[in-house]
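The values are calculated or read from the model by the stated rules, or taken from the named source; none is laboratory data. What you see is a predicted model, and the numbers here were worked out from it, not measured in a lab. Every residue, glycine as well, gets a Cβ built from its backbone with ideal geometry; the counts of neighbours run over all protein chains shown. The area values use the complete protein model at the heavy-atom level, side chains included, leaving out ligands, DNA and RNA. Shrake-Rupley method; radii C 1.70, N 1.55, O 1.52, S 1.80 Å.
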Amino acid sequence: MGSSVPRLDLFFAKFKPLHYKKGETILRAGDPPAGVLYLKKGFIRLYSISRDGEELTLIIFKQGDFFPIMWAINATPNTYFLEAMTPVVLWRSPREKFLEFVQSDKRALFELTSMMLTRFGGLLTRMEYLVFGNAINKVASILLICAERFGKKKGRTTVIQAPLIHSDIASLVGITRETASIEMKKLEKEGAIAYRGHLLVIKSFMGLKKHLLSDTYKS
């Protein structure tokens with residue numbers, strides 16, 4: 001799918017845009033959503049917080065994504081936090097109007113299903129490395145996932161458009177920020193990654209992939 005879903009654009013454009021600043025909380029765990037949100041511009045992360053105060057980022061949303069999915073489709077209570085990673089622009093629809101729209105438009109429903117399956121595939125890959133992988137496996141795998149989801153080709157390199165810092169990487173794969181920094185420096189020294197301003201650049205996909213399945217069960 002592209003970075004935007006035209007049918008959703010047309011539907012959500014009827015509603016007033018909402019603006020959030022970088023770092024601003026959009027939705028708190030336990031709070032009932034005011035409607036279905038559609039991301040027109042920017043990046044948002046969905047995360048949970050453990051009893052010990054540790055954060056785990058579950059999904060990073062980009063332009064064209066809608067959320068919260070489980071509440072929108074099944075009215076499941078929201079148990080996650082949403083935070084703006086950059087300045088963002090959102091459109092918000094009442095849940096009832098959103099459901100009427102997707103139920104009456106088969107093509108839009110297919111596009112939404114495809115979007116959700118893509119997210120699910122990424123979550124399965126992350127789960128595999130969270131359970132079996134060591135730190136370098138986890139970091140390399142999440143960089144490949146982010147490159148596929150947020151990457152933009154620049155010559156022979158791929159620039160990850162989402163503004164990921166080491167704490168974001170750590171939160172995505174369940175390791176400490178210090179460990180993430182160590183593994184990122186290793187990958188940078190190997191020539192697999194680099195930085196362009198505040199954005200991550202993938203210089204060698206093979207350099208990342210060599211740290212995947214072959215090392216999965218190493219301690």
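Just one residue in the set ARG156, ARG107 is assigned by the TED database to the domain that holds LEU200 and either open to solvent by 30 Å² or more (accessible area, probe 1.4 Å) or closer than 26 Å to GLY35 by Cα (or both); that residue is ARG156.
Going by the conditions given, is ARG95 under 17 Å from MET70 (Cβ atoms) and open to solvent by 20 Å² or more (accessible area, probe 1.4 Å)? Considered against the rule, which asks whether it is under 17 Å from MET70 (Cβ atoms) and open to solvent by 20 Å² or more (accessible area, probe 1.4 Å), ARG95 comes out as yes. Residues that are charged (D, E, K, R) and over 11 Å from the mean Cα position of the chain (by Cα) within the stretch 45-64 comprise ARG51, ASP52, GLU54, GLU55, listed in sequence order. Evaluating THR79 against the criteria (1) more than 21 Å from ARG126 (Cβ to Cβ); (2) open to solvent by 30 Å² or more (accessible area, probe 1.4 Å); (3) over 14 Å from the mean Cα position of the chain (by Cα) leaves one unmet condition, (1). Within the set VAL139, VAL102, the sole residue that is surrounded by 20 or more Cβ atoms within 10 Å (Cβ to Cβ) and touching an Asp or Glu at 6+ places or on another chain (Cβ under 7 Å) turns out to be VAL139.
Residues that are assigned to a helix (DSSP H, G or I), surrounded by 18 or more Cβ atoms within 10 Å (Cβ to Cβ), at pLDDT 90 or above and in contact with a Lys or Arg (Cβ under 7 Å, 6 or more places away or on another chain) within the stretch 164-219 comprise HIS166, ALA170, listed in sequence order.
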